[in-house]
Structure formats: structure tokens, C-alpha cells
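Peer 1: Here it is, the structure, as C-alpha cells.
The values are calculated or read from the model by the stated rules, or taken from the named source; none is laboratory data. Model, not experiment: these values are computed from the prediction. Glycine gets a Cβ as well: all are built from the backbone with ideal geometry, and neighbour counts include every protein chain shown.
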Amino acid sequence: MTMPTEREITDAATRIRALREGLEAVILGQSDLIRMVLTGLLAGGHVLLEGLPGLGKTELAKTLAALSGLGWKRVQFTPDLLPSDITGTQVLVDGQDGRRALVFRPGPIFAQLVLADEINRASPKTQSALLEAMQERTVTALDTTHRLPAPFFVLATQNPVELDGTYPLPEAQLDRFAIRCQVGGVDDDTLARIVLAQPGATAGPLAPVADAPAILDLMALTKRIVLPEAVGRYLARVVQATRPEHPACPPTVRTGLRWGASPRAALSLASCCRAAALIAGRPAVGFDDVKALAAPVLAHRLVTTYEAGLSGRTSRDLVAEVLATVPELQS
Amino acid sequence: MDLLNSRLQRLEYQRRAQRCLDAGARALTWSAGSGALLLLGLRLTGSTEAVAVVVIGSLLAPAVILPRCWARRDRPDQLAARLDRLAAGDGTIMALAALPPADRPLDWQARCEAPLRNLRWPTWSWAGLRIPALAVACLLVLAALPPPAPPTPPAQAPWLGAVEAAKERLAEDEPLFKAAEHQELVAQADRLAGLDASLGQAAWEAVERLERTIGDGEARAVERLAQVMAASDQAADGTTASLADLGTHLAALAQDAPGLAKLPQLDPATAAALAAALAGMPLDAAQRAALAAAGLLPAGTKAQPVDPAAIRRLAESLRSAVGSCPKPGRCSGEALAAALARCSSTKAGLCAIPGSGLGKGGVNRGPGHGTLALDREPTTSPLGQEASLSAVAPEPEPGTTIATLSHAPESLAAHAPATTATFAAQAADARRAPVAPRHRAAVGRYFTPAAPAPAPISLPPPTDSVIP
């Protein structure tokens, strides 16, 4: 795979900048969140947005779908939602020849951008319906496997405070998300701009600045971003240091973590770093990309111990300790 | 060579040099520190031969590891990563460095050219040289120290000077003593010279006793000589009794101070006349043997009557010969003059040896004290029986009786005024006595005239008392 040329990077950066600026024009004061969502999209992963209601998570998904030109579906997850409500099911239809037949009717998962709103309100059985789709990009109904459209991007949201009647996502499900973003509030000026600029609190129809092929091109270009050997080794050391059984794991992390990051997490981190480099207009990944994305990519995959919970240390804090411990360069 | 490769090569050289510097500094710390310790040991043992070898070896030892450090190289990806960080390449330089120079995209090379040209090279780290510099300084200081001074001889015992003076005095006074007595005194002086320095007070007392013994011998010899001279003067009167006294005193001189009795300047005629006179005198065998040993009474000399004129010439010659004896020692001078005057005013036989009486000579140990005489037969004084001390004893065993004085209480009371009267005169002698330094102040206060009057004499019990 050849190193992308400067022109390719420049063109891609221009398109990404248009997409980002369009998002920032609608979702005010959330530039970091927007960059993370775009990073997950270009990396071919899925993004889990975690935040209180009313912070614009759903609006972000809708705006992204509108600007990117991707076909999108929204699934509001509720406790009585069934897997077939997501994946689709076979229904009995009358054929043109008068004969009846079972025909597969795709569910809302068959979209390029799926907004899984409040995903933790669905039962684990229903949540598991997303596993194959998010990892394999396929859906198996009865004996038939259906391929999902490309690109396939799941943007899920969950509320971290209203936990009654919710089902926390299992580790396997969390591992499917490339990035988990904490959606925070906005500052005073931004809130004033929101109130003044959008009295109806909803965005009007947006003209797309890209389309599915363009997104696919960007994703293909992301894969050509060079991950230098030194950066790759550093990334691997960081991921390994999150495993309590690994010798390089810092003592504080060893006592704070039960399970570390998986190789899939390392692959996700590498892909996200490539996407971040592309968004920044660079042909290669740098050490700073790894540092910036380690917490969003790795933190939700780590299982902390009871002691860490008692001491108030979150998985993000432990990832920060790993980054502070692992040197970038080897002597 | 393109710019990226040249920068990579320069960075690699600098890192290898810095690595050599750091490793050399660490090695120099160990080698110089070890060398300094070794040098310290050598200095303590007094050896100076291996100093140069240790210094040179310690300074050159780190050079052994330098080739190995220089041969160690960074991995290419790590080197490129360092260059990328220096140039703020954000991975671009790493990506380019991983490609062969011909395959590197020109556009990205052009973009990286400016950062590579304006590269800010890492500064050399000299902080690691502080400790080795300190170790080297210690090593050089230890090497520059002068060689150790030869061991100082052990401090001489403070009484050795007095012992040497006593030995010189003994050598000078050899004619004044009997041969056996002189040898015994010399042996005692030698034993004192070999005493341990820790025996301070006991040694001082032993030296004091030795000096008093020598002084007594000198006084005795001077007394005998004065007696002979006085007897010769009286013999000039021509009386037989005086001539007999002269013979008796000559015999006593020959017995006590055989060196003085040889009289080599006596002319042969006078010597023959003296021998003839002595042969006719009523002397016992010991006296005759002593005179014969002194050459004054050759064997076979027959007694002959002596002409009075010849006796006068004999007396004058004898006086002249005695006064100019070859090794007079202390027989001339003030002591002889005083003894001669004392003996001339009295009967020669009544001349007493100084120091043999109460309160005369030696250290005054306070009112009513008894004289501590050495090597002398017990004598009887007006105060009672004086016992003799043992011979020179450097350190008598604790509780050893060194003197006893038996007397009646009334005799002490009768002599107390006279003793007190001689107190002041004795004090001067006591101050000059060789008292151990730490006791001089106490002795001085005791004998100072301004000091309060001595306490009333507490009478000892009627039985024997012990004088410590």
C-alpha cells in the first residue's frame, strides 16, 4: 500500500473540513465531539455517545446523516424491543403468481447510518442483535445472511444517569464500539449562540456535502495512512500496559483493572489514529494521535476493579496513568 | 545523500557519542571511586609504589567500554521517531524514513525539508559528568598527597632526662664509689631507663631515691676526703695520735672511695714514707687491704719510725695530692670546702655524713617526719629507730611498708620545735626535689611560707607508726 500523496490528503482534508464545518454550524460548541464522531466514521468503527439528555446527541446523528448523504435509520431502544425489530424478519407476502411466500423484510439496521438511541434501554437479547451487524457488517435471519450497506456506521447514545430499567451494555457489545465519547455541556457563549441562532431548537434541512462513495473513498484513504513502526510499537505497548497480567502494566493499573484491552481494541486504536491523522491532513500517524485517542478508544473496554471504584478512579484515569508510564521511544 | 538521511546519520552519531559519554562517565565514576578507595588504603599502609599505577589505571579503565558503546546503534524506527519529534513531523518524517530514498514521495519530502533544515539538535548532556569529576578530583587529591611522614618515635618517659643525668653523674663519680656499689647504681639507672612510661609517680620516686643514693655517696666520699685532709693537717703537728687518725681516715677513704685514695700525684719518696708510716699503724686487715688496693700500702712494706719533719712534708704533700686528685669529682668546690671547714673545726672522727640526721637532706614530708634513707643500716636517732628502705623499687606493692619509725611520744614533743625550725630551710630543698609534675603544685602550696600554719601534730599511737 502506497503512501498517500499530498494532493490526496489535501483533497480529503478539504472534504472532511466541509463536513466538520457543517456539523459545527449545527452542533455548536462540540468541536471535539464532532471530531471524534468523524474519526469513528472514517475509521470504519462505531461510536457510542454518552451524556445527559438534551446535549444534542440525536441532533448530531441526524445532522451527520444529512451532511454525509448517508441513508440513515433511527431505532429508539426500549425494553420491549425485539431483535427482529432491528434486524428484520420474514413476512408472508402474496406473490405475483398468487402464491404466498416468506420474504425477508429488512429492519432499520439496514441503513448506512444507524442511530441507536438510548441503546442501554433494550434488553441484552436485543442488544446482542447488533453484535454481528457491527462487527461483520452482516445480518443473519434464519438461514440467510444479509450484507449490510456500506458504509455501515452505528451511532449509539446512552444516558449515564437514568439507570432504572436499563441494561448496561455487556463488554462484548462495548468492544464493538470504536470510540465512546462523553458528551459534555457547552459554555455560556455557546449556549447564548444556540438560543439566539436556533429559536426552534431544530435544524432546518441541510444540503449534503458528501455522499456514500465519497465517504467510502475517505475510509479507503484512511487505511492508506502510514502507521510508522515506532508509533505502532508505542501503540502496542500502551494497549499491553492496560492488561493487568502483563509485566509492563503499572502497579496502580494492575490493582485498578480486572481486564485490559483486547487486540481488537489495538486495531480500533490504530484505525482511529489513522483517521485522526487524515482529518489533520497528515499522511502518517504520530505519537500525539495515540495519546489523544487512547482514552476514548480504550477506556470503555477496560473493566475496573472494586478497589478502583472505591478510590474514585475511572478507566479514563487508568488510561492516563498508562500513557504517563509508557515511554514513547525505546532506548 | 538526501537531507533526511544526512540528518538521521548526524542524529545517530550524536546519540552514539552521548551514549559513550554517559557510559564513560558512569564507568569513570566507578573506576575513579574504586581507585580513590584503593589509593586511600595504600596511603594508610604507607605504600607509595603503586600510586601512579592506580591513578593511570583508574583514569584509563573506562576507555575499555567506549568501543562497545560506540558500536551500539539505535533501531532505525526509533532513530526516525527521534528525528520526527525534533522536527515536529507528527509522523511524516517517520513514514518517509521507513521508505527507501527513491520511493519517498517528493511532495512530502519537500514539505519536510524546512523542518529538517531548521532542526534544533538536542543539546549535549553534561550533567552526568559531575559525579565522575568529583571522583576524579578525590583520586587526584589522594594521589597528590605527600608521602606519609616516618613514624614518630614514642614519647620518652618524662623521667628519662633525670635518669640520663643520674647516669652521667654516676660516670663522673665513679672514683667516689666502691666498684660493686657503682655497678649496682648503674644497673638501677638502666632499669629505670627501661621502665614503662605509665609508671609516672613510682618512677619519679625511684629516680629520686637513686639521686639521693648518689648524693649520699658523693657526700660520704667528700666527707672522707675532708677527714683525710683535716687529719693530714693535724698530723703535721707530729703527734702519733694524729698520725694514727690520718691512717684511719686514709683507710676509710680507701674503703669508701677507692678511686680518690689512689693519690697518683704523690711523689715516690713521700709515698714510701706514707707507706712506712701506715705499716706501723694499728690497722685491721680490711683497712690494710683497702690501703693496699689503693696503692698506699704496698705488700711487704715494713714499719719504720717517721721523722716529725718528714711527717710535716708528708702532710703537705698529702694535702696537695688529695686536693689535686685526678678525678676529684665533687671532692673540690663548695661541698669539699664546707666539709673541710666543718671537719677542721671539730675532731675529724666526729664528722658526720650529711643527710644522716633528722630533717637533713632529701624531701621534707612535713613536721616530725623521719628521714627516708636508702640502702643503709637501721640507725638510731633522737626520735627513735629508723628503719631502712628497700633498694630502688620503682613501684612497691600496695601496702608495702617502706619505712618505720619507732619512738616514744615524749621524744617527738621534745624535738618538735627544732623540727619546725628547720622546716623553712628544708622547703627549698623540697621544691627542688624531682617531684612528679602533677604533684608540684600541691608540694609548692604545702611549703609556701604564706600558707597557713601546719595543723597541729597529731601524735601517733605509742606503738610503731607507718610512714607511707
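Peer 1: Taking B:ARG68 as the residue in question, decide whether it is assigned by TED's automatic domain parsing to the domain that holds B:LEU11, assigned to a loop (DSSP other than H, G, I, E, B) and modelled with pLDDT of 85 or more.
Peer 2: So B:ARG68 does not fit the description; no.
Peer 1: Quick check on this structure: which one of A:ALA116, A:ALA141, A:ALA129, A:ALA122 is small (Gly, Ala, Ser), more than 21 Å from the chain's Cα centre (by Cα) and on the phi < 0 side of the Ramachandran plot?
Peer 2: That would be A:ALA141, the only listed residue that is small (Gly, Ala, Ser), more than 21 Å from the chain's Cα centre (by Cα) and on the phi < 0 side of the Ramachandran plot.
Listed here are the residues, each with its yes/no results for (1) buried (at least 19 other Cβ atoms within 10 Å of the Cβ); (2) under 20 Å from B:VAL53 (Cα atoms); (3) assigned by TED's automatic domain parsing to the domain that holds B:PRO76; (4) basic (Lys, Arg).
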| position | (1), (2), (3), (4) |
| --- | --- |
| B:TYR13 | no, no, yes, no |
| B:ARG26 | no, no, yes, yes |
| B:GLY33 | no, yes, yes, no |
| B:ALA36 | yes, yes, yes, no |
| B:LEU39 | yes, yes, yes, no |
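Peer 1: Which is part of a helix (DSSP H, G or I), touching a residue at least 12 places away in the same chain (Cβ under 8 Å), away from chain B (no Cβ under 14 Å) and farther than 25 Å from A:ARG7 by Cα, of A:ALA292, A:ALA320, A:ALA236, A:ALA230?
Peer 2: The match here is A:ALA320.
Peer 1: I need the full set of residues from the range B:285-304 which are in contact (Cβ under 8 Å) with a residue 24 or more places away in the chain and surrounded by 13 or more Cβ atoms within 10 Å (Cβ to Cβ), in order please.
Peer 2: B:GLN287, B:ARG288, B:ALA290, B:LEU291, B:ALA293, B:ALA294, B:GLY295, B:LEU296, B:THR301, B:GLN304
Peer 1: Restricting the search to the range A:1-17, which residues are facing chain B (nearest Cβ under 10 Å) and among the basic types (Lys, Arg)?
Peer 2: If the condition is that a residue be facing chain B (nearest Cβ under 10 Å) and among the basic types (Lys, Arg), then A:ARG7 is the only one that fits.
Peer 1: Continuing with this model, one more query. Which one is modelled with the highest pLDDT among residues in the range B:228-269 that are part of a loop (DSSP other than H, G, I, E, B) and of a type in the set (Asp, Glu)?
Peer 2: Within the range B:228-269, the match that is modelled with the highest pLDDT is B:ASP267.
Peer 1: Additional query: When the residues of the range B:79-124 are narrowed to those that are surrounded by fewer than 17 Cβ atoms within 10 Å (Cβ to Cβ), in a helix (DSSP H, G or I) and more than 8 Å from chain A (Cβ to nearest Cβ), which ends up nearest to the chain's Cα centre (by Cα)?
Peer 2: Looking at residues that are surrounded by fewer than 17 Cβ atoms within 10 Å (Cβ to Cβ), in a helix (DSSP H, G or I) and more than 8 Å from chain A (Cβ to nearest Cβ), I get B:ARG117.
Peer 1: Among the residues of the range A:303-315, write down those that are part of a helix (DSSP H, G or I) and surrounded by 17 or more Cβ atoms within 10 Å (Cβ to Cβ).
Peer 2: Listed by number, the residues that qualify are A:ALA308, A:SER315.
Peer 1: Okay, next question. Might you let me know whether the range B:55-74 holds any residue that is hydroxyl-bearing (Ser, Thr, Tyr) and without any contact (Cβ under 8 Å) to a residue 24 or more places away in the chain?
Peer 2: No, the conditions are met nowhere in the range B:55-74.
Peer 1: Let me ask something additional. Taking the condition within 12 Å of another protein chain (Cβ to nearest Cβ), hydrophobic (A, V, I, L, M, F, W, C), over 27 Å from A:ALA172 (Cβ atoms) and surrounded by fewer than 18 Cβ atoms within 10 Å (Cβ to Cβ), does A:LEU329 pass?
Peer 2: It is true that A:LEU329 is within 12 Å of another protein chain (Cβ to nearest Cβ), hydrophobic (A, V, I, L, M, F, W, C), over 27 Å from A:ALA172 (Cβ atoms) and surrounded by fewer than 18 Cβ atoms within 10 Å (Cβ to Cβ).
Peer 1: List the strands (runs of 3 or more DSSP E) inside the range A:76-187, counting only whole elements, that have at least 1 residues being among the basic types (Lys, Arg) and without any contact (Cβ under 8 Å) to a residue 40 or more places away in the chain.
Peer 2: The strands (runs of 3 or more DSSP E) meeting that bar are A:100-106, A:144-147.
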